[in-house]
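Notes to accompany the following structure.
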Amino acid sequence: MATALLRTVIIYAAVIAAMRLMGKRQLGELQPAELVTALLVSNVASISIEEPDLPLLASLTAIFLIAALEILNSTLAYYCPGYARALFGRPVTVVRGGKVDQQALRHLRISGADLAEALRGKDIFCPADTAWAVIETNGSLSAAPANGGAPPMLPLLIDGCPCAESLRALGLDDAWLEGYLRAKGLRQKQVLMLLYDGQNSFLAAKENRPGKTGAADKNGEGPK
Amino acid sequence: MKRNAYAIALLVLLALLLGGSGLYVHATAEELRQDINNAYALALRADYAGAQRAYRATVAVAEARGGALRLFVRRALVDKLQETIATLPHYAHPDNRADLAVETARANAQIEEMATSFWDWA
């Protein structure tokens, strides 16, 4: 009994240390890979507590190995946008200008009831009142109501990768994007994010070195 | 990216810990095997008092290392080995030579099982 109690305390401390090591990203976002990590860590911890026959070192090694792999995996995803897309997927627009994209819903296997429920969670009771709704890569819905105010800003370029869907939605193309960046003296790889709503834009360039402020530019006029 | 350094340090630490634990399990298994075989050799030479002393010393070693071994290999394997080793001094008697041979072989097999279980991929 004493061994079981001691093992529980050690595993509890180890799981807290592992989750702390993985950081807030692990606690907040729960992307597919992070969900798998959380599930695995919790399973290993519970098995270790329930099965006193298992050596403690095996459980602790598994927990910390999963934590280390998760950190290195998220770092790889940070540096390789292509890998990040493969790992996390892309956000998918499901409502645009009050019109439901049924093809996207079919692709995501989200029913009309699911969409209506998610929109109600955002205090929007009719898709027609939605300017833009996106299913994020973590499965949550982000929505902007069509209240006659400013339209939502769409990402045109994130982590150096163009968002073709947003470009199409705004009636723009890659040539326009290239021209805009050329005017700003930047290349795609140098851009952290470029948002645009048809009138206003927000541009943040990647920092050259940690500690230096990146170039951010909020343009009230919007690129022409 | 401090966290990456932590992750790599953690992986290195885990590798060192695993390597060290593997060496400890291997060395302990080798020590127990040698002690048991030495004690059995004394019994074969009909030095049963010496064999009993040697087996009891092995029991003490197995008990002393048991706590650490349970951290690295399955508790059931260590318990089974300790039970087998604990019976050996009682078989070191002229009337029990056959039983002593069987139990010594059993203890050697259990030591082997414990040692291989650490790096067992199956």
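Which aspartates and glutamates does A:Lys122 reach when only Cα atoms under 17 Å apart count, and residues fewer than 8 places away in its own chain are ignored? The reachable aspartates and glutamates, counting only those whose Cα sits under 17 Å from A:Lys122, are A:Asp114, A:Glu136.
The simple Förster model, with R0 at 56 Å and r as the Cβ-Cβ distance, assigns A:Arg109 and B:Ala46 a FRET efficiency of 0.10. Looking at chain B, the accessible area is 55 square angstrom per residue; that uses a 1.4 Å probe and ignores ligands, DNA and RNA.
Given B:Val102, B:Thr84, B:Ser117, which one lies farthest toward the positive end of the charge dipole of the stretch B:23-118, if we put +1 on the Cβ of every Lys and Arg and -1 on the Cβ of every Asp and Glu? Farthest towards the positive pole: B:Ser117.
For the stretch B:1-35, state which residues have at least 10 Å² less accessible area in the presence of all protein chains than in their chain by itself, taking the probe as 1.4 Å and leaving out ligands, DNA and RNA. Buried by the other chains: B:Met1, B:Arg3, B:Asn4, B:Tyr6, B:Ala7, B:Ile8, B:Leu10, B:Leu11, B:Leu14, B:Leu17, B:Leu18. The magnitude of the dipole of the stretch A:92-145, with charges of +1 and -1 set on the Cβ of Lys/Arg and Asp/Glu and taken from the Cα centre, is near 140 debye.
Only protein heavy atoms count here, probed at 1.4 Å, and on that basis chains A and B bury about 1700 Å² of accessible area in total. For the stretch B:69-94, heavy-atom accessible area (probe 1.4 Å) falls by no less than 50 Å² from the chain alone to the full protein assembly at B:Leu71, B:Arg74, B:Arg75.
For chain A, modelled as a GNM whose springs connect Cα atoms under 10 angstrom apart, the maximal fluctuation among A:Leu170, A:Leu108, A:Leu54 occurs at A:Leu54.
Let me know the mean shielding of A:75-82 by other chains, meaning the per-residue number of their Cβ atoms within 10 Å of its Cβ. The shielding value for this peptide is 1. The charge dipole of chain A, taken about the Cα centre with unit charges on the Cβ atoms of Lys, Arg (+1) and Asp, Glu (-1), comes to about 640 debye, rounded to the nearest 20.
Inverting the pair-averaged 1/r between distinct Cα atoms of chain A gives 20.5 Å as its Kirkwood hydrodynamic radius.
Membrane-span-like helices of chain A, defined as complete DSSP H segments with a Cα extent of 20 Å or more along the helix axis and a mean Kyte hydropathy of at least 1.0, are identified as A:2-22, A:32-50, A:56-79.
For the residues A:Phe64, A:Phe125, a 1.4 Å probe over the protein chains yields an accessible-area ranking, largest first, of A:Phe125, A:Phe64. Work out the charge dipole of the stretch A:92-145 with +1 on the Cβ of Lys and Arg and -1 on the Cβ of Asp and Glu about the Cα centre, then indicate which of A:Val92, A:Ala144, A:Ala118 is farthest towards its positive end. Toward the positive end, the furthest listed residue is A:Val92. In chain A, the portion of solvent-accessible area held by carbon and sulfur atoms comes to 59 percent [1.4 Å probe, whole percent, DNA, RNA and ligands not counted].
Counting Cβ atoms of other protein chains within 10 Å of each residue's Cβ and taking the mean over peptide A:48-55 gives 4.
The mean count of C-beta atoms from other chains within 10 Å of the C-beta of residues in A:61-71, rounded to a whole number, is 4. Our helix-only sum for chain B, with -39,500 (n - 2.57) per DSSP H run of n ≥ 4 divided by its residues, gives a mean residue ellipticity at 222 nm of -31500 deg cm²/dmol. At an R0 of 25 angstrom, the distance between the Cβ atoms of B:Leu13 and A:Leu69 translates into a FRET efficiency of 0.95. With the helix formula -39500 (n - 2.57) applied to DSSP H stretches of n ≥ 4, chain A reaches a computed 222 nm mean residue ellipticity of -15500 deg cm²/dmol.
What you get for the stretch B:1-89, charging only the Cβ of Lys and Arg (+1) and of Asp and Glu (-1), is a dipole of about 380 debye around the Cα centre. Think of a 1.4 Å ball rolled over the protein heavy atoms: the stretch A:58-140 then has 55 Å² of accessible area per residue.
The 3J(HN,Hα) values that the Karplus relation (6.51, -1.76, 1.60; θ = phi - 60°) gives for the stretch B:9-22 are, in residue order, 4, 5, 5, 5, 4, 4, 5, 5, 4, 5, x, x, 5, x Hz. Gly and Pro appear as x.
Identify, among B:His93, B:Val61, B:Ala49, the residue whose Cα sits farthest towards the positive end of the charge dipole of chain B, taking +1 on the Cβ of Lys and Arg and -1 on the Cβ of Asp and Glu, with the dipole about the Cα centre. So the residue we want is B:Val61.
Sorting A:190-201, A:30-41 by their mean Cβ neighbour count within 10 Å, with the most densely packed peptide first, gives A:190-201, A:30-41.
The values are calculated or read from the model by the stated rules, or taken from the named source; none is laboratory data. Keep in mind that what you see is a predicted model, and the values were worked out from it rather than measured. Glycine gets a Cβ as well: all are built from the backbone with ideal geometry, and neighbour counts include every protein chain shown. We work out accessible area using only protein heavy atoms, side chains counted, and drop any ligands, DNA or RNA first. Shrake-Rupley method; radii C 1.70, N 1.55, O 1.52, S 1.80 Å.
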